[in-house]
Amino acid sequence: MVARLGGFINRIRRPVTLGVRAIVRDKEGRILLVRHTYVPGWYLPGGAVDPGESVGEALAREVLEEAHIRIKAAPRLIGIYFNRRGGNDHVALFEVLEFEQMSVKVRDYEIAEAHFFALDTLPDGITPATRARLDEYVNKAMIADDW
């Protein structure tokens, strides 16, 4: 009984959160990256899964919000990672190959820039986790457990 109570208290104090990220790759093989206004670095687009939302719905919403891109076909799940820096956070990473660019993304309160980059010309400031995920993706490296 005490063990179950301790587990319950831990879930309240440190709830499991879930996020999504996308490797959006265009027909030229370029990868979409975004730069936020509130943290340094370039990231794969994505964000939190809201209550009552599936991971697919969250992915579609985040990519649309951050880059004005509408996903047109089911994305492929690459892996699910544990983000130790995020407390008890997990991140589902997807590959998106079929999409429609709705309009060019302009700076707003959250996203400073959203651009496609060739893999050999990635921007300075790409985050270590983003670089690691791209290395796994491009080089078919073993998928890590941690984000």
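Remarks
- Residues in the range 99-118 that are more than 18 Å from Y43 (Cβ to Cβ), of a type outside the set (V, I, T) and loosely packed, with under 11 Cβ neighbours inside 10 Å: E100, S103.
- The single residue among R131, R76, R85 that is in contact with a strand residue (DSSP E or B) (Cβ under 6 Å, 6 or more places away or on another chain) and either exposed (fewer than 12 other Cβ atoms within 10 Å of the Cβ) or within 25 Å of T37 (Cα to Cα) (or both) turns out to be R76.
- Residue check, E136 among the acidic types (D, E), surrounded by 12 or more Cβ atoms within 10 Å (Cβ to Cβ) and assigned to a helix (DSSP H, G or I): yes
- Complete set of residues in the range 119-130 that are farther than 13 Å from P45 by Cα and either assigned to a helix (DSSP H, G or I) or hydroxyl-bearing (S, T, Y) (or both): L119, D120, T121, P128
- Of the residues making up the range 50-73, none is under 11 Å from the mean Cα position of the chain (by Cα) and hydroxyl-bearing (S, T, Y).
- Within the range 95-109, not a single residue is among the small types (G, A, S) and in contact (Cβ under 8 Å) with a residue 40 or more places away in the chain.
- One residue from R4, R11, R35 being in a strand (DSSP E or B) and either of a type in the set (K, R) or at pLDDT below 95 (or both): R35
- Options G41, G47, G56: the member that is touching a Ser or Thr at 6+ places or on another chain (Cβ under 6 Å), of a type outside the set (S, T, N, Q) and surrounded by 12 or more Cβ atoms within 10 Å (Cβ to Cβ): G41
- Beta carbons closer than 9 Å, at least 6 apart along the sequence or on distinct chains, pair a first residue in the range 34-49 that is touching a residue at least 24 places away in the same chain (Cβ under 8 Å) and of a type in the set (V, I, T) with a second that is surrounded by 18 or more Cβ atoms within 10 Å (Cβ to Cβ) and part of a loop (DSSP other than H, G, I, E, B) for V34/L44; V34/P45; V34/K105.
- Checked against (1) assigned to a strand (DSSP E or B); (2) within 12 Å of L18 (Cβ to Cβ); (3) of a type outside the set (F, W, Y), E53 meets all criteria but (1).
- Of all residues in the range 50-83 being among the basic types (K, R) and without any contact (Cβ under 8 Å) to a residue 24 or more places away in the chain, the one that is farthest from A141 (Cα to Cα): R61
The values are calculated or read from the model by the stated rules, or taken from the named source; none is laboratory data. All figures in this text were calculated on a predicted structure; none of them were measured in a lab. Note that we place each Cβ from the backbone using ideal geometry, even for glycine, and neighbour counts take in every protein chain shown.
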